[in-house]
Amino acid sequence: MEKCRIVFSGSGGQGVISAAIIFAEACVLFENLNAVQSQVYGPAARGGAARSDIIVSDSQINFPRVIQPNLLVCLTQEAYNNYYNILRPGGLLVTDDYYVKTQKHVDARQIELPMYKTVLEVTGEKLAFNMCMLGAVSELTQLVKVKSLEKSIQARLPSHAQGINKKALEIGFDMAKGKI
């Protein structure tokens with residue numbers, strides 16, 4: 001397996017960093033892969049810029065920072081504007097169509113999904129938006145199984161939050177498969 005370099009980006013409060021931690025843990029604990037995760041966020045806890053880098057590999061990882069991701073996820077317009085140009089040519093760009101309006105000048109496969117609107121519509125809970133994104137990423141990359149993400153959610157999140165987050169994960173998975 002070639003190292004997969006991933007950047008999740010958005011704003012504080014969207015759960016970008018929590019999603020990255022859950023993703024990396026699922027890779028390591030349940031998929032027998034190596035993963036490293038790091039994060040950067042602005043001074044504001046809510047509403048400021050948030051970015052998390054994840055590297056996944058079946059071999060040793062020597063440097064934890066992502067310079068040119070294979071996969072870039074942008075959950076806000078600001079994140080897209082700041083990071084679209086770091087995407088590796090031929091990479092995958094995943095955006096939420098409610099928050100992000102993309103231009104077609106990126107040399108990448110671009111997938112715009114109605115994650116925020118769908119999660120809000122189906123569950124009534126916008127806080128599960130990040131798990132919807134993880135479900136979509138799982139299906140689009142085939143790096144980690146949804147069952148592994150569910151186990152990581154179960155280990156990391158409080159019991160009262162698990163049901164809604166697992167539902168949002170399924171929504172994202174189905175959305176990326178074209179079922180929604």
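Computed from the coordinates by the stated procedures, all read-outs in this text should not be read as laboratory data. Source: prediction; values computed, not measured. Cβ: placed from backbone, ideal geometry, glycine included. Neighbour counts: every protein chain shown.
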Which of Val122, Val146, Val100 moves most in a GNM of the chain, Cα contacts under 10 Å? Val122
Rg and Dmax of the stretch 4-177, Cα atoms, in Å? 14.7, 43
Mean-square fluctuation check for the chain, GNM, Cα pairs under 10 Å: which of Asn34, Asn165, Asn82 is largest? Asn82
Based on DSSP, what percent of beta bridges with both residues in the chain are antiparallel, to the nearest 5? 55 percent
Would the stretch 110-180 count as rounded, prolate or oblate if I go by the C-alpha gyration tensor, calling it rounded below 1.5 in a/c and otherwise prolate when a/b exceeds b/c, oblate otherwise? oblate
Rounded to the nearest 500, what is the 222 nm mean residue ellipticity of the chain from helices alone, with -39500 (n - 2.57) per DSSP H run of 4+ residues and division by all residues? -13000 deg cm²/dmol
What is the magnitude of the charge dipole of the chain about its Cα centre, with +1 placed on the Cβ of each Lys and Arg, -1 on the Cβ of each Asp and Glu, and no other charges, expressed in debye to the nearest 20? 60 debye
Fluctuation leader among Arg109, Arg88, Arg65 - the chain, Gaussian network, Cα springs under 10 angstrom: Arg109
What does the charge count around Phe30 come to, taking other residues whose C-beta lies under 11 Å from its C-beta (Lys +1, Arg +1, Asp -1, Glu -1)? 0
Taking a ≥ b ≥ c as the square roots of the Cα gyration tensor eigenvalues, with a/c under 1.5 meaning rounded and otherwise prolate when a/b beats b/c or oblate if not, the stretch 1-93 comes out oblate
